[in-house]
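All remarks here apply to the structure that follows.
Nothing in this text is a laboratory measurement; each read-out follows from the coordinates by a stated rule. No experiment lies behind these values; they were computed from the predicted model shown. In this analysis, Cβ positions are derived from the backbone assuming ideal geometry, glycine residues included, and neighbour counts consider all displayed protein chains.
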């Protein structure tokens with residue numbers, strides 16, 4: 001699992017990635033030293049669960065991808081089957097490339 | 001007897017909303033205020049747009065705090081994809097633009113969203129002096145956002 005994250009982190013602009021359970025428990029993490037595993041994990045689980053609850057009330061399916069952008073960076077959260085794949089990037093990242101690498105990582109995670 | 005003339009602000013917002021609503025795959029577009037009320041909407045039925053406006057604000061409120069804790073920054077765009085839908089919430093203080101589209105809609109929709117947001121921001125800036133051009137005004141914006149979403 002760590003190898004999958006490490007490979008994903010080689011993408012230009014990616015500051016770190018982690019796989020976290022829907023309950024916020026960290027499954028695997030490979031984050032930049034400035035990012036705390038617990039903070040990112042809790043944030044990822046909290047955001048996915050809050051968005052999921054709001055969508056449920058809107059009679060929508062649960063989210064399989066949530067992207068948040070700000071001037072300090074971007075966060076990509078994706079449903080990876082066994083948990084949530086969270087990827088933190090620089091603000092001016094190649095979004096297409098990051099998405100592609102996330103897709104590859106998810107298929108590897110699901111295949112393990 | 002002619003039609004009652006709409007306020008200029010609503011006309012400008014209608015342009016921004018219309019520009020998005022005509023795009024293939026877009027099902028609804030709403031500009032909402034800080035209370036989750038619909039200012040201008042196009043596409044879906046009115047009650048549906050009201051629900052999207054209200055829940056968009058709920059989502060931003062719920063996500064803002066954990067996001068800020070991590071990146072110490074305010075949310076500009078939030079994109080949610082489900083198996084059928086593509087929901088975008090773009091914050092343009094003191095308003096929000098909400099776009100509901102088919103999941104399979106063309107990725108170029110993102111460019112239209114950015115353009116519409118620029119139209120809204122430019123009008124709001126011109127009219128109410130909200131600006132994101134300088135650090136000073138960014139700090140002011142962050143404070144305004146704090147006031148809006150807390």
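List of remarks:
- Residue A:54 vs. criteria crowded, with 21+ Cβ neighbours inside 10 Å, more than 9 Å from chain B (Cβ to nearest Cβ) and over 20 Å from residue B:110 (Cα atoms): no
- Among residues of the stretch B:58-94 being surrounded by fewer than 22 Cβ atoms within 10 Å (Cβ to Cβ) and within 10 Å of the chain's Cα centre (by Cα), the one that is farthest from residue A:76 (Cα to Cα) is B:94.
- Condition broken by residue A:17, with the remaining ones in (1) within 14 Å of another protein chain (Cβ to nearest Cβ); (2) surrounded by 15 or more Cβ atoms within 10 Å (Cβ to Cβ); (3) in contact (Cβ under 8 Å) with a residue 24 or more places away in the chain; (4) out of contact with any helix residue (DSSP H, G or I) (no Cβ under 7 Å at 6 or more places or on another chain) satisfied: (4)
- Failed criterion for residue B:119 (all others in (1) touching a helix residue (DSSP H, G or I) at 6+ places or on another chain (Cβ under 8 Å); (2) facing chain A (nearest Cβ under 8 Å); (3) in a helix (DSSP H, G or I); (4) under 23 Å from residue B:22 (Cα atoms) hold): (2)
- Any hit, the stretch B:83-106, residues being at positive phi and within 7 Å of chain A (Cβ to nearest Cβ): no
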